[in-house]
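Encoded as structure tokens, the structure appears first; notes follow it.
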Amino acid sequence: MSTGKEFFAPDTVYVSDKTTQEEVFNEVYQDLLKKDLVTDDFIVNLIERELNYPTGLDMTPVDSQLPNIAIPHTESEFVKTTRIVPIKINQAITFHNMINPDEELQVSFLFMILNEDGEAQAGLLADIMDFINSTDRKKMLEFFTYEDPKQIYQFLVENFKGE
């Protein structure tokens, strides 16, 4: 069993005031690039992949009070590490539904996957869903209201249990 510390880093937890997918992606990309965690081509491939393979998830089947999330990612050749990058979005933005790509969802939290080992992609996706499904509902609802990166990071370290 892994711990949240293995999946998250305090310097890559973000809170964004941007109002479009592309703006949020660019904002985070600039910082990840500066930290040498992604390649120059990361942003182009992230945006293109999101267009072709949407990552929005409707959370109402889990709990109608939970906000919708998205799990953007791209191929491992464009990243230099493996971690999950949490991004709280202060004003919900539009993503297309992973299950039903024609459906638009208003998303207010991203779990961006950086995965230099392409094999583990599905496992990280499953770990994120397990985290949401297995964490106490009241705590989870509170988590999605956090606006302090340190608070978000601390919650994830304490509550995220990957395989």
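Throughout, read-outs are computed from the coordinates displayed, never taken from laboratory work. Just so it is clear, the model here is predicted, and its values are computed rather than measured. FYI the Cβ positions are ideal-geometry reconstructions off the backbone, even for glycines, and counts take in every protein chain you see.
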Computed about the Cα centre, the charge dipole of the chain from +1 Lys/Arg and -1 Asp/Glu charges at the Cβ has a magnitude in debye, to the nearest 20, of 580 debye
The distance between the Cα centres of the stretch 57-83 and the stretch 143-163, in whole Å, is 15 Å
Sequence-distant residues sharing a close amide H with I89 (under 5 Å, placed H): S16, F109, L110
Could you check which residue among A126, A92, A70 shows the biggest mean-square fluctuation in a GNM of the chain with a 10 Å Cα cutoff? A126
For E103, which sequence-distant residues (separation of 5 or more, or a different chain) have an amide H within less than 5 Å of its own amide H, given hydrogens modelled in the peptide plane? N97
Among I69, I89, I128, which one shows the highest mean-square fluctuation when the chain is modelled as a Gaussian network with alpha-carbon springs under 10 Å? I128
Ordered by residue, what ³J(HN,Hα) values in Hz, to whole numbers, does the stretch 70-86 give under the Karplus form 6.51 cos²θ - 1.76 cosθ + 1.60, where θ = phi - 60° and Gly and Pro are x? 9, 10, x, 6, 9, 5, 5, 5, 9, 10, 10, 7, 10, 6, 9, 10, x
Amide H contacts under 5 Å for K35, restricted to residues at least 5 apart in sequence or on another chain and with H modeled in the peptide plane, are none
Just round it to a whole percent: the fraction of Cα-Cα distances in the chain exceeding 30 Å. 6 percent
Nearest 5 is fine: what % of DSSP beta bridges in the chain come out antiparallel, could you say? 65 percent
